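Accompanying notes for the structure given below.
The values are calculated or read from the model by the stated rules, or taken from the named source; none is laboratory data. What you see is a predicted model, and the numbers here were worked out from it, not measured in a lab. Every residue, glycine among them, receives a Cβ derived from its backbone with ideal geometry; neighbour counts consider all protein chains shown. Areas reflect the complete protein model, heavy atoms only, side chains present, ligands, DNA and RNA absent. Shrake-Rupley method; radii C 1.70, N 1.55, O 1.52, S 1.80 Å.
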Amino acid sequence: ATFHFASRTIRLQQDWRRLGVAAVVWDAAVVLCAYLEMEGIDLRDRSVIELGAGTGLLGIVVTLLGKGFFVVSFKAIYNCSARVTITDRAAALEFLESNVQANLPPELRPRAVVKELTWGKDLDNFPPGAFDFVLGADIVYLEETFAELLQTLEHLCSEQTVILLSCRIRYERDLKFLKMLRDRFSVHEVHYDSSKDVHIYRAQRGSHKDDF
């Protein structure tokens, strides 16, 4: 599959037979990538984590969009590019890593780390509240994972963290998740792509409605 974002061509392997839903690019990822690029959301020098990354498209695009510059300060050189953590379950990591490495220029590869995260289980490996952005594309579909996903979001988020979730509302249970999310976060729909029937929701702790 081939995509064009951040002035680059991104070529991704897909493997439905071996990994199922984790190894296919879903419309929600494409729509969230386009939203981040069109809105010009500044990801430079930000810490970003993607949940349920699958093929890695979103994490790759975030790393490319977050490309910064080097600042020399007090004789030290500081890299202002985004720091991106791209996560999924253990079974998908090798596939995910190969897509990420194949699509990032050498100077950006150290800025993107592929890491195992099973929602609700591996949280000790992630510092609480340490991320500026938490991103997820089409990760809301299995009701039995909703509680663990919410627990994970609460662990990763500080008061300032912005969550962006992009999804297609297919079933009643998807609306149930949004209600559970609204019980813990302030949630607003920020974009709807009618051609792909994909919604993007922004969530933050408390009643934040600030710009990015």
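Observations
- Under the criterion of Cα pairs below 8 Å and six or more residues apart, the relative contact order for the chain equals 19 percent.
- Between Asp45 and Glu159, the modelled labels are 2.2 nm apart [label points 7 Å from Cα along Cα→Cβ].
- Euclidean distance between Cα centres, region 153-179 to region 82-143, Å: 17
- Sum of -39500 (n - 2.57) over DSSP H runs of 4+, divided by residues of the chain (222 nm, nearest 500): -8500 deg cm²/dmol
- The chain: most fluctuating residue of Ser47, Ser195, Ser166 per GNM, C-alpha cutoff 10 Å: Ser195
- Here's the picture: charge each Lys and Arg Cβ at +1 and each Asp and Glu Cβ at -1 in the chain, and of Leu181, Val48, Ser158 the one pushed furthest to the positive end of that dipole is Val48.
- Nearest-20 debye value, region 2-205 charge dipole, Cβ charges on Lys, Arg, Asp, Glu: 380
- Among beta bridges that DSSP assigns inside the chain, antiparallel share in %, nearest 5: 55
- With all protein chains in place and a 1.4 Å probe, the accessible surface of the chain carries 49 percent carbon and sulfur.
- Computed from point charges on the beta carbon alone (+1 for Lys and Arg, -1 for Asp and Glu), the dipole magnitude for region 139-195 about its Cα centre is near 140 Debye.
- Solvent exposure of the chain amounts to 49 Å² per residue of accessible area, where only protein heavy atoms count and the probe is 1.4 Å.
- Within the listed set Thr55, Thr145, Thr161, the Gaussian network model of the chain (springs between alpha-carbon atoms below 10 Å) gives the highest mean-square fluctuation for Thr145.
- Computed extension gain for Gln151 through Asp122, at 0.36 nm per residue and net of the alpha carbon distance, reaches 9.3 nm.
- For the chain, the spread of Cα positions along each principal axis, largest first, Å: 54, 42, 36
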